[in-house]
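> What follows is a structure written as structure tokens; I'll ask about it next.
Rule-based calculations on the coordinates, nothing more; no lab input. Every value quoted in this text rests on a predicted model; they were computed, and no experiment measured them. Cβ sites come from the backbone with ideal geometry, for glycine too, and all protein chains shown count toward neighbours.
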Amino acid sequence: MLATHPDYVALQAIPGVRPIFARTILAEAGDLRRFDHYRQFLKFCGLDLAKSQSGQHRGREVLSKRGNARLRCAFWFAGRIAVRLRESSIRDKYERYLAAGAATVDRKRMAYTAIAAKMARITYAVIKTGRPYRGYYEHELPSESISLTRAVEAATTS
């Protein structure tokens, strides 16, 4: 029944989002166009940061986990699949996150959490704008500008 639904088709173009994850996202989140900003969607998923503080005590920022647990779980596992893909901007973000510090178990968990939030933001953008997912997105450059990839290629061939 969902095979021809435009949101279902668009979600499957995102790396790591398989048919079951796409169905789960659509079933749990409903119409993502109802959210005015991606932060509202992240809060709905429980992927926003919350700071616990009381009086003089100021705690660390942690995941609020007050949103939809099934949706958060779907983004978590879709992110883990996307990280395993060879050519993926999501994998690049994961590797950059791990390169910033020692690759401990806690650091990997935080990296996967950041990836889950990125997957939620990508999902929101794909559904809200109606445009297909494009990995390694480069902004439109002014005329006579050299893109980053062409600059790197020129530097390596010289």
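> Quick one: order S89, S54 by neighbouring beta-carbon count within 10 Å, fewest to most.
By the 10 Å Cβ count, ascending: S54, S89.
> Shifting gears a bit: Scan (1) 2, 9, 18, 20, 19, 16, 10, 5, 1, 0; (2) 1, 8, 15, 18, 17, 14, 10, 8, 5, 2, 1, 0, 0; (3) 2, 9, 16, 22, 23, 16, 9, 3, 1, 0 for the value of P(r) over Cα pairs in 5 Å bins from 0, in percent calculated from this model and give just the label.
The value matching this structure is (2).
> If the reach is capped at under 23 angstrom between alpha carbons, list the lysines near K108, excluding any in the same chain fewer than eight residues apart.
The qualifying lysines are K43, K51, K65, K93, K118.
> Order of T24, T156 from fewest to most other C-beta atoms within 10 Å?
Ascending number of Cβ neighbours within 10 Å: T156, T24.
> Can you sort M110, M1 so the residue with the fewest Cβ neighbours within 10 Å comes first?
The most exposed by this proxy come first: M1, M110.
> Once you charge only the Cβ atoms, +1 for Lys and Arg and -1 for Asp and Glu, what is the size of the charge dipole of the chain about its Cα centre, to the nearest 20 debye?
760
> Excluding V126 itself, what net charge comes from residues whose Cβ is under 11 Å from its Cβ, given Lys and Arg +1 and Asp and Glu -1?
+3
> Something else now. Can you tell me which of K51, K93, K108 moves the most in a GNM of the chain? Springs connect C-alpha atoms under 10 Å apart.
Answer for the Gaussian network model of the chain: K51.
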